[in-house]
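Peer 1: Before I ask anything, here is the structure I am working with.
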Amino acid sequence: MIQLPLSKLSNVGTSIFSQMTQLANENEAINLSQGFPDFMPDPELLNYSDHFIKKGFNQYAPMGGMISLKEEIAKKIECAHQAVYHPDTEITVTAGGTQAIFTAIASFVKRDDEVIIFEPAYDCYEPTVELFGGIVKRFEMKAPDYEIDWNSVRNLVTDKTRMIIINNPNNPAGKILKENDFRELVSIVKDTSILILSDEVYENIVFDGRQHISICKYPELKERSLLVASFGKLFQVTGWKTGYCAAPENLTAEFRKVHQFNVFSVNTPIQLALAEYMKNPDHYNNLNAFFQEKRDFLRQGLSSTSFEMLDCEGTYFQALKYDKISDQSDIDFARELTITHKVASVPFSSFYKNKRNEHVIRLCFAKKQETLEKAIDNLCKI
């Protein structure tokens, strides 16, 4: 038999999210592992999508996206962060946040370029950097605070550093970056050509009166940054796979050179539906309160257990430290939790290259009330 070559990512297996979802399905467990809501989106949004499909908007959209949607995106960003992006030349609609991240890395990272990431990290960053020949440099944030030591980050910077990837709010740790973090980042990239990829897909899910600070708030960072966001997270339609990348015109031009061959364009009627829905800012400005109610319900329900609930400043994920319950590895504990106690989670070690085990798991609380009630009931019996 002919020996065929392996793929560029031959050492990459099935994602932990798929693994835990499959395990949940096999054991009829409550799936709090994968980050998707189990409730219906707003019927108004669904009606808009139905309207534009039936009106015949079913062919290719322009490569950069429908102008009506890009205009609404620009308005949203300017209102929230007082930053201006030109809808036609500085905003690109993408097939979800992950495609935007992939395309941004593909556009700028060359062989032997170094890319700094912060772990625990969303699992698409590293494989994509490696796919294009880049070298990942990691800073490990540690439980329970998951803070960044910027002096250590400075030590990772070399003349080969091409990009820094930040995730704010952070999935899975639920931490948000503060003013001081951005001041440090400004200092690090000053007088360099380092690009910043800012993954802000949970920007509208921040709790306890805190404010999300976007990369675009700082002109000295905005000029070198690609900002990524997701309508799946914004409007609970993860299956629509629609997001966007906002960046200065010179970076957007390079981004689109790859985007046009990656997906070319994104679902036309969905873009038009989102544009119409976004005309009412209340549809996204009230998300903080909506998800904080779910977060607080989960935390209150587990307050009498031996789980230690770590801070959750943003996202719709709650981190739980379980070292008072078991000394098992987080992978083994997550599997046992799914099989025996019928609640699926994600082990934090899967977000670290070295599989750092601090006895922490992640639960998704973007679920119906009855789903959370059942999960709490099961977890309280441990």
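The values are calculated or read from the model by the stated rules, or taken from the named source; none is laboratory data. Computed from a prediction, not measured in an experiment: that's the story for all the values here. Quick reminder, even Gly has a Cβ in these numbers, built from the backbone with ideal geometry, and neighbours come from all protein chains shown.
Peer 1: On the basis of being farther than 21 Å from Ser230 by Cβ and either under 12 Å from the mean Cα position of the chain (by Cα) or exposed (fewer than 14 other Cβ atoms within 10 Å of the Cβ) (or both), does Asp199 make the cut?
Peer 2: no
Peer 1: Oh, and also: Consider only pairs whose beta carbons are under 9 Å apart and that are at least six residues apart or on different chains; among these, list those whose first residue lies in region 5-26 and is touching a residue at least 24 places away in the same chain (Cβ under 8 Å) and whose second residue is assigned to a loop (DSSP other than H, G, I, E, B) and of a type in the set (Ser, Thr, Tyr).
Peer 2: Between residues of region 5-26 that are touching a residue at least 24 places away in the same chain (Cβ under 8 Å) and residues that are assigned to a loop (DSSP other than H, G, I, E, B) and of a type in the set (Ser, Thr, Tyr), the close pairs are Ile16/Ser33; Phe17/Ser33; Met20/Ser33; Met20/Ser345; Thr21/Ser33; Leu23/Ser33; Ala24/Ser33.
Peer 1: Do we find a residue being within 29 Å of Gln211 (Cβ to Cβ), acidic (Asp, Glu) and touching a Phe, Trp or Tyr at 6+ places or on another chain (Cβ under 7 Å) anywhere in region 82-95?
Peer 2: No, because not a single residue in region 82-95 is within 29 Å of Gln211 (Cβ to Cβ), acidic (Asp, Glu) and touching a Phe, Trp or Tyr at 6+ places or on another chain (Cβ under 7 Å).
Peer 1: On to the next question. Does at least one position in region 127-144 carry a residue that is without any contact (Cβ under 8 Å) to a residue 40 or more places away in the chain, aromatic (Phe, Trp, Tyr), surrounded by 15 or more Cβ atoms within 10 Å (Cβ to Cβ) and assigned to a helix (DSSP H, G or I)?
Peer 2: No: region 127-144 contains no residue that is without any contact (Cβ under 8 Å) to a residue 40 or more places away in the chain, aromatic (Phe, Trp, Tyr), surrounded by 15 or more Cβ atoms within 10 Å (Cβ to Cβ) and assigned to a helix (DSSP H, G or I).
Peer 1: Another one. Given the conditions (1) part of a helix (DSSP H, G or I); (2) assigned by TED's automatic domain parsing to the domain that holds Asn204; (3) over 29 Å from Lys217 (Cα atoms); (4) not basic (Lys, Arg), report the number of the one that Thr89 does not fulfil.
Peer 2: Of (1) part of a helix (DSSP H, G or I); (2) assigned by TED's automatic domain parsing to the domain that holds Asn204; (3) over 29 Å from Lys217 (Cα atoms); (4) not basic (Lys, Arg), only one is false for Thr89: (3).
Peer 1: Among the residues of region 350-369, is there at least one that is touching a helix residue (DSSP H, G or I) at 6+ places or on another chain (Cβ under 6 Å), free of Cβ contacts under 8 Å to residues at least 40 places away in the same chain and among the hydroxyl-bearing types (Ser, Thr, Tyr)?
Peer 2: no
Peer 1: Oh, and also: Which of the numbered conditions does Ala95 fail, given that it passes all the others? Conditions: (1) crowded, with 18+ Cβ neighbours inside 10 Å; (2) touching a strand residue (DSSP E or B) at 6+ places or on another chain (Cβ under 7 Å).
Peer 2: (2)
Yes/no per residue for (1) of a type in the set (Val, Ile, Thr); (2) buried (at least 22 other Cβ atoms within 10 Å of the Cβ):
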| position | (1), (2) |
| --- | --- |
| Gly209 | no, no |
| Lys217 | no, no |
| Val228 | yes, yes |
| Lys233 | no, yes |
| Trp240 | no, yes |
| Cys245 | no, yes |
| Pro248 | no, no |
| Phe264 | no, no |
| Thr268 | yes, no |
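Listed here are the residues, each with its yes/no results for (1) in the same structural domain as Arg356 (by TED's automatic domain parsing); (2) without any contact (Cβ under 8 Å) to a residue 12 or more places away in the chain; (3) part of a loop (DSSP other than H, G, I, E, B); (4) in contact with a helix residue (DSSP H, G or I) (Cβ under 7 Å, 6 or more places away or on another chain).
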residue: Ala100; (1), (2), (3), (4): no, no, no, no
residue: Thr103; (1), (2), (3), (4): no, no, no, yes
residue: Phe118; (1), (2), (3), (4): no, no, no, no
residue: Asn155; (1), (2), (3), (4): no, yes, no, no
residue: Arg183; (1), (2), (3), (4): no, yes, no, no
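Peer 1: Looking at region 15-38, is at least one residue part of a helix (DSSP H, G or I) and exposed (fewer than 11 other Cβ atoms within 10 Å of the Cβ)?
Peer 2: yes
Peer 1: Name the residue that is farthest from the chain's Cα centre (by Cα), counting only residues in region 39-66 that are part of a helix (DSSP H, G or I) and of a type in the set (D, E, K, R).
Peer 2: Lys54
Peer 1: For region 315-324, state whether one or more residues are among the small types (Gly, Ala, Ser) and not assigned by TED's automatic domain parsing to the domain that holds Val201.
Peer 2: yes
Peer 1: Continuing with the same structure: Checking Asn47 against (1) buried (at least 16 other Cβ atoms within 10 Å of the Cβ); (2) out of contact with any Asp or Glu (no Cβ under 6 Å at 6 or more places or on another chain); (3) not assigned by TED's automatic domain parsing to the domain that holds Glu249, only one condition comes out false. Which one?
Peer 2: (1)
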